[in-house]
Amino acid sequence: MQPFTTADFAQRMQRAVSDATRAGLTGVLVTPGPDLVYFTGYQPTAITERITMLVLQQSHDPALLVPILERPDAEGAPGVAVTSLTDWTDGSDPYAAAAQLLEPGGRYAISDSAWAMHLLGLQAHLPKSTYTSMTETLPMLRAIKDDDELARLASAGAAADATFEEIVGVSFAGRTERELGDELANRLRKYGHSQVDFTVVGSGPNGANPHHEVSDRVIQPGDMVVLDFGGLKDGYGSDTTRTVHVGDPTPQEREVFDIVREAQQAGFEAVRPGVGCQEIDRAARKVITDAGYGEYFIHRTGHGIGLTTHEPPYMVEGEARELEPGMCFSIEPGIYLPGRFGVRIEDIVTVTETGGRRLNNTSHEMHIVS
């Protein structure tokens with residue numbers, strides 16, 4: 001993958017300023033984490049009590065405030081080249097330095113990852129200024145992916161698919177969930193992931209807990225096993241779920257699996273520009289509810305993905321925001337029968353001009369493993 005250029009980051013900053021202006025904001029304050037990486041390509045070696053902050057506003061050029069000891073690293077980031085770089089030293093007041101970059105009575109969206117002590121410091125120096133959550137006010141700031149971002153997401157999805165295709169060839173019965181989780185993580189790294197965020201291996205009754213990760217439970221013949229795994233490759237996320245069975249399933253296990261598969265397909269078929277996010281949830285949920293299992297589908301249908309594996313937009317009841325080309329999110333309905341088993345099937349999907357495109361392409365058929 002070709003790295004993002006200074007021009008790419010400058011364009012993102014300009015778009016953020018325009019979006020903030022339309023939202024009635026003075027500007028956007030970006031702190032270390034995925035937001036700062038998105039706008040500058042800069043990630044401090046460690047996120048500490050020392051304030052680092054990018055200021056984007058209509059009235060001024062982009063400005064980045066960093067501790068002086070971290071300035072050399074910041075100068076090496078491609079997006080920093082289009083900012084006015086300011087530093088502060090230990091023993092000085094960093095919030096006084098930050099206040100110089102802001103409008104005294106400004107209203108700013110600030111990264112959700114900002115430390116409370118930093119926000120309180122700004123408020124103490126600028127008592128007439130006000131702040132709002134970036135996700136609440138500008139939730140779509142990173143949601144529309146460009147072609148380069150989509151290529152990275154597709155590559156991460158293909159790596160997750162390759163991981164699944166290999167893992168179904170190994171023995172499950174007689175091994176612990178933890179052992180299988182380690183194998184998933186190793187294969188994600190084998191296929192290019194620099195970071196593994198999670199490896200869920202939910203066997204038998206553990207599969208009825210959607211966010212169960214791994215345990216020392218030994219997988220048994222006859223178990224349904226939920227495999228949900230992902231992480232970051234080339235800076236962008238993967239997240240896929242498939243449910244396999246150790247040996248032949250019972251009629252009810254087959255029934256539940258087929259219902260979830262149909263629900264996932266219904267959610268996918270609902271994807272197109274102009275459709276509200278909640279309609280994806282409704283389409284998938286209707287299939288499960290009509291089949292009599294509605295009370296056992298206990299989470300939203302999907303979440304956005306990009307620089308992080310969970311970000312806006314969310315496919316959930318009450319989210320009327322319309323889908324737009326370039327949005328990427330999961331579609332992952334599930335049924336969870338307490339004390340017995342669970343089933344979930346998940347793909348990452350991107351919105352196209354006419355519908356949706358899957359970024360995960362392994363089979364939705366039930367895989368029988370040994």
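Tell me the mean residue ellipticity at 222 nm calculated for the chain from its helices only (DSSP H runs of n ≥ 4, each -39500 (n - 2.57), averaged over every residue, nearest 500). List each step's numbers first, then the result.
On the way: 10 runs with 117 residues, N = 370.
About -9500 deg cm²/dmol.
Using only the Cα atoms of the stretch 109-213, build the gyration tensor, take square roots of its eigenvalues as a ≥ b ≥ c, and label the shape rounded, prolate or oblate: rounded if a/c is under 1.5, else prolate if a/b is larger than b/c, else oblate. Show your work: numbers first, answer last.
Values: a/c = 3.36, a/b = 2.05, b/c = 1.64.
Prolate, because a/c is 1.5 or more and a/b exceeds b/c.
Name the lysines eligible as straight-distance cross-link partners of K128: C-alpha to C-alpha under 16 Å, and not fewer than 8 places from it in the same chain. The reachable lysines, counting only those whose Cα sits under 16 Å from K128, number zero. Considering only L119, L180, L323, the Gaussian network model of the chain with Cα springs below 10 Å gives its largest mean-square fluctuation to L119. Leaving out ligands, DNA and RNA, what percent of the accessible area of the stretch 254-370 is carbon and sulfur, probe 1.4 Å? Summing carbon and sulfur atoms, their accessible area is 47 percent of the total for the stretch 254-370. The charge dipole of the chain, taken about its Cα centre with unit charges on the Cβ atoms of Lys, Arg (+1), Asp and Glu (-1) only, comes to about 300 debye. In this structure the stretch 257-370 gives 38 Å² per residue of accessible area when probed at 1.4 Å with all protein chains present. Angle of helix 147-167 to the longest C-alpha principal axis of the chain, folded into 0 to 90 degrees and rounded to 10: 30°. Projecting the Cα atoms of G91, Q43, Y108 onto the dipole axis of the stretch 1-135, where Lys and Arg carry +1 and Asp and Glu carry -1 at the beta carbon, places Y108 farthest toward the positive end. If one takes the longest principal axis of the Cα atoms in the chain, at what angle in degrees, from 0 to 90 and to the nearest 10, does the Cα axis of helix 251-269 lie? Helix 251-269 and the main axis of the chain meet at about 40 degrees.
Roughly how tilted is helix 6-22, in degrees to the nearest 10 and between 0 and 90, from the longest Cα axis of the chain? Value to nearest ten degrees: 80. Bridges between two residues of the chain, per DSSP, are antiparallel at a rate of about 75%.
The largest-to-smallest principal axis extents of the Cα set in the chain are 68, 39, 37 Å. For the stretch 134-290, the C-alpha radius of gyration divided by 2.2 N^0.38 Å, with N the number of residues, is 1.15.
The values are calculated or read from the model by the stated rules, or taken from the named source; none is laboratory data. This one's a predicted model, so the numbers in the text were calculated from it and none came from an experiment. Note that each Cβ is placed from the backbone with ideal geometry, even for glycine, and that neighbours are counted across all protein chains shown. Areas reflect the complete protein model, heavy atoms only, side chains present, ligands, DNA and RNA absent. Shrake-Rupley method; radii C 1.70, N 1.55, O 1.52, S 1.80 Å.
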